1. Suppose R0 equals 30 Å. What FRET efficiency, 1/(1 + (r/R0)^6) with r the Cβ-Cβ distance, do B:GLN69 and A:PHE12 give to the nearest 0.05?
2. Could you run the Karplus curve 6.51 cos²θ - 1.76 cosθ + 1.60 with θ = phi - 60° over the stretch A:123-133 and give me ³J(HN,Hα) per residue in whole Hz, x for Gly and Pro?
3. For the pair B:ASP4/B:ARG191, report the inter-label distance in nm, with labels modelled 7 Å from Cα in the Cβ direction.
4. For chain B, what is the percent of antiparallel DSSP beta bridges, rounded to the nearest 5?
5. Could you compute the FRET efficiency for B:ASN393 and B:LYS122, with r as their C-beta to C-beta distance and R0 at 22 Å, rounded to 0.05?
6. Would you check the stretch A:5-160 for Lys pairs whose C-alpha atoms are within less than 29 Å, ignoring same-chain pairs closer than 8 in sequence, and give me the count?
7. Determine the gain in length on full extension of the stretch A:ASP29-A:LYS90; use 0.36 nm per residue of separation and subtract their C-alpha separation, reporting nm with one decimal.
8. So, counting K/R as plus one and D/E as minus one, what does the shell of residues with Cβ under 13 Å around B:GLN29 add up to?
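The values are calculated or read from the model by the stated rules, or taken from the named source; none is laboratory data. Remember, predicted model here, so these are calculated numbers, not experimental data. Cβ: placed from backbone, ideal geometry, glycine included. Neighbour counts: every protein chain shown. Note: areas computed on protein heavy atoms with side chains; ligands, DNA, RNA excluded. Shrake-Rupley method; radii C 1.70, N 1.55, O 1.52, S 1.80 Å.
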Amino acid sequence: MKSSNDTIKRLFEEAEELGVKIHMIESYDQIKYEIINLFLDHPNLDKSICVVDSENYDTQSLSNYLYEKGFDLLLPNEQVDYGEFIENLKNVQVGITSVDACVGETCTLIIRNRRPFFREVSLLPPVYIAVVRQDQIVISLDDPSIFKELKGESQITIKRA
Amino acid sequence: MAEDKWPYRKKARQALSNPIFQRGLENIQLRIGKATLERYRELPNIEELRDKGREIRLKAVDNLGIYLQRFAQNVERLGGMVFFAKDGDEAKDFALKVCHAHKVKRVVKGKSMVGEEIGINKALEQKGIVATETDLGEYIIQLAGEGPSHIIGPAIHKSKEEIGRLFSERLKAPYSTVPEELTSIARNSLRPKFLEADMGITGANLAIAEAGQVMLVSNEGNIRLSVTLPKIHLVIMGAERIVESVDEAMLILRLLSRAAAAQRLATYVSIVGPKEKLSRDGAFYVIVVDNGRSKIGADPRFKEVLACVRCGACLNVCPVYGKIGGYAYGDVYSGPVGAVINPLLFGIERYSDLFFGETLCGMCRERCPLKIDIPRMLLELRRIYKEGDTSFNILPKKDIGYLALKTFELYNRNRKLTAIVKNISKALKK
């Protein structure tokens, strides 16, 4: 599925109204440069980041790169003690996760909690980066693809950017 | 023994003589009341959506027993627990048992109307459990020791100066009247409470029968934090807040966001169930509170009011609410919908001024996303109050007003009868 130009346009309009920054990138590899630019634009942010494992980017390569650039990294996995994870997350400046869908007409992110930590990482750090593929952008909540997997098996999180 | 009358007139006078409250009411009606209409108009198929939403909710009201049972089965299948409470006392008892079982000492709460209705905070406090409201408006009124004055904006009666003083006194924060600074003070005070809490208590905007999950909607992220960080999640919901499917919940959500806060979509929407809590050795409980709802649902004259999703849209256009504010309606539910719900839940005699106080202008029905016919139910309550009704233990009031009304009705009926006879005679003559 490829999102139409109208959908993308609508997303940009809504994002502008809400003061959300959207960066279009050509490949997943560019995510790391976007992160570096973010910290350059906001020099008051400590160089700490929580990266949640995702199919939308190569977590290993991204975290290696950020580590080399002097970032403090928080990389949660399912074995981590939850309380300890939250303690650490409190002090992190930026959280990054992928999302499952993005709704153009409302600039809304949809996260299915197939894995833990997505919701926490989108809530606690002051800056949140969501990585969404272009084909995951739909025009409205009416799109049936958004909720097809939900029926108690996964929780769903909708966050208007 | 006759119930004490709710002091509607006294509370209304107090609101009318409070310029800060008047400004808050005017502001919310001008800002959100008008903007809601614009948000409705953005959707080309809005009337179709509203009709569909109405159909969904009325279907749910007609099938409450079936949907609630399916919901409970699915919650339990996923590892959670559902408790059906016939009244507030049973609900509070169960909540306290949950607290006891999990050694809960600190609770964070998302805004919950039914929680207010049953007085859950007081019950927790009496057992030494600290319950902190986390919705900004609710937090303000909790610190002030007051109740909500609007379904969506519980602290609209407070000026920023009053909030600044309140925060300064209660939170020992530097005095400020800058909204961003006040929000920041509240956030800094609340953040550690989320992190320390043993349990999160929320309401439910809707429970979804087929999924065994609840949908929670907020704009501040507080409900999501209350649900996410503590190990235990306790949902306290009214028995009527259910739909059959996720698709139905999504349709209602679109209407709810536009009607409640003139938004295309609320900022945070979470659909949650037991699964996540169990994966962290936590627990998920739902208390379904009846407290008179099944009686309303069984009454064809009033069951429509159970379709309400508490968006507050009727408050934002009501000329009466716009002047007298929420406190005149009672402790919890206010505005036109409160003028129907409060008498039905807490006593028709006690709250009779509420349904006589409304103007029947019909704006509430116009703006309700589900087109709930509040004016019809207000009239029905007036009729019951005057003529009596055994199902509500109301005796007829044969005072001068009642006799005048009856005479007028008889006259009207006779006029119609005379006209019908005249028409028939004319037709026969032809």
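1. It comes out at approximately 0.05.
2. 10, 7, x, x, 10, 10, 10, 10, 9, 10, 7
3. A separation of 4.4 nm, rounded to one decimal place.
4. Once the DSSP bridges in chain B are tallied, antiparallel ones form about 25 percent.
5. 0.20
6. 21
7. 19.2 nm
8. Around B:GLN29, the charge tally is +4.
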